[in-house]
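Asks: Mind having a look at this structure? Questions to follow.
Values quoted throughout were computed directly from the atomic coordinates according to the rules given, and no laboratory measurement underlies them. All figures in this text were calculated on a predicted structure; none of them were measured in a lab. Methodologically, a virtual Cβ is constructed for each residue, glycine included, from the backbone with ideal geometry; neighbour enumeration extends over all protein chains shown.
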Number of protein chains: 2
Amino acid sequence: MVDLVQATLHGDRRALARLLTYVENEREGVEQSLAALFPHTGHAWVIGVTGAPGTGKSSLVNALAKAFRRRGQTVAIVAVDPTSPFSGGAIMGDRIRMRDLAGDKGVFIRSMATRGSLGGLARATRDVIRVLDAAGFDVIFVETVGAGQSEVDIVRTAQTTIVVEAPGFGDDVQAIKAGILEIADVLVVNKADRPGAENTVRALKAMLEMGHPAAREQLTRHHGQLVSVELSSNGGELWIPPVVKTVAPEDQGIDDLVAALESHRHHLIEARALTGLERQHIEIELYDRLEAALMARLLKAIPGDVLSDVIRRIQARELDPQSAVNTILEQA
Amino acid sequence: MVDLVQATLHGDRRALARLLTYVENEREGVEQSLAALFPHTGHAWVIGVTGAPGTGKSSLVNALAKAFRRRGQTVAIVAVDPTSPFSGGAIMGDRIRMRDLAGDKGVFIRSMATRGSLGGLARATRDVIRVLDAAGFDVIFVETVGAGQSEVDIVRTAQTTIVVEAPGFGDDVQAIKAGILEIADVLVVNKADRPGAENTVRALKAMLEMGHPAAREQLTRHHGQLVSVELSSNGGELWIPPVVKTVAPEDQGIDDLVAALESHRHHLIEARALTGLERQHIEIELYDRLEAALMARLLKAIPGDVLSDVIRRIQARELDPQSAVNTILEQA
């Protein structure tokens, strides 16, 4: 494992791939590897990309990866599919990507699908990003299907978040949810050669005007008890998410999008917000990890038949769930 | 609070509404009320309804509520919007509903939006369902936007889950995610008077054939460590989700849908699966509650400056997150 860490730090791609597999499988000893890599992290620009299925996220990320490569930056792509533990979705997207970006040593692609719990996936994604960061990638894209919790998880790891929409999804006002707008730093209307693109842009802008500052504030509260730094604590000046039109497979609008992303990064630096953002991410991570560790410890501490006995008594309506929790905690 | 519980059990709607508000706000003493109500639960048929925005979930639930009312059953509707902590979405849907179902004492409607964390919303929803169950409603609909975690949460409370699609969302293969199919007991293609309805039905059936049995198995693993009973442990015979076409505002297909729902309920009873399902729901709930309680206890036990000091050291790369967790747990 020590060799693997050293090789990863020195740019060995096969070592990196193996280490990531160990991270995903929570292989024994991987904690030490992550600890050894940790001092080398904090340099990558992590960009989250989310949006509904069918908006063309994967080809957008491809086009962005090529644009950043042209600028001489190395790129890693983490494709997370939290909705499907088994479908070929992630793998399919990967094959298309492989064909497109194959042979470029400055690009590294990794797909992750749900195995254990959603919480487990979020934790694993965070660790995978960290390994890629330590491995020296300049830009790390984290792409995920727009799906409630996974969007929130993206905000928890990314410095810049892109929300992708496409024309035709917006024929119902409901279809663009305020919940998605809240997390966007940059909005993209992809497939902008389709009819209705202008309508989608207009709808997004209208919703931004309506909801944005309040939304930010709410999102901060959303993150849980530990969070003390505000997402919007970027030195006073508010960032208004720009709306960029793209046609990813034709590279249309990609330069504008890169400019918008860099402008957001600039804004974070100018506003001295990066440190606060990182602190917030660390707080949330610590909270998640503590929760998981506490639960693991408890399950070890109490005999298995205590739990099954309690469940039996709840089902028999002899004991209500909260009283059961109190009883178990007294015994632990 | 004791009076409120008694009044709720005796069908007092205003007492019920007040009690639900207390539950949502986690008002002091509400635990005892929930404990007192608990022996009266376990009789309602909880039906989850999920699907993407714009598929017409709310009008579908309205039409279903009216259909069940015609059959003489009382109906409660819980509308959960996990994507938006502030938007008027839930409330808007509510107004439409109110107009439609107003004046019927056999229908009770409750909207819930995110306030604290997503986990908090799931817990509150579970408690709200339980109160409505104890209050004697025959059928309880839990309606939520199709959004990753919230779908999973629905499966964790409902006996029967409806997944709603609409034509035009399926122009991309990706648009119907296997992850959504996995949780469906009954599939609905709503807005079936729109062009493309037959295509959507065909696509759904094809995906069901491809993925279903494997999907079920995977979903069970998805639920976390405590789960010992399998979702598909319904006595051998596999339930194949039927696909029903509806046009909710015109009551088209609603009788077919009610028949499909009742057939699923019948299947669960015949296969003696209801007890196993309930046991599984209780296991998951116990796990969630233990996690929350452990975390609350820990945060009380450690001084606040320990946490902020640890976070500072992580940010300085002096300490990695997992070692930090180990350190904190040693001190607690």
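Asks: Among B:Asp305, A:Asp288, which comes first, then next, by fewest other beta-carbon atoms within 10 Å?
Replies: Least crowded to most crowded, the residues run B:Asp305, A:Asp288.
Asks: OK, next. Could you pull out the trypsin sites (Lys or Arg not before Pro) across the stretch B:250-332 that fall in loop regions by DSSP (anything but H, G, I, E, B) with no more than 13 other Cβ atoms inside 10 Å?
Replies: B:Arg272, B:Arg317
Asks: What does the structure give for A:295-308 when I average, per residue, the other chain Cβ atoms found within 10 Å of the residue Cβ?
Replies: 2
Asks: List, shortest first and in nm to one decimal, how far the label point of A:Glu278 (7 Å from Cα along Cα→Cβ) is from its counterparts in the other copies.
Replies: From this label point to the equivalent ones elsewhere in the assembly: 5.3 nm.
Asks: Which whole number gives the average count of other chain Cβ atoms within 10 Å of the Cβ atoms across peptide B:51-59?
Replies: The per-residue average across the peptide is 4.
Asks: Take every residue in peptide B:276-289, count the Cβ atoms of other chains within 10 Å of its Cβ, and give the average of those counts.
Replies: Taking all residues of B:276-289 together, the mean is 4.
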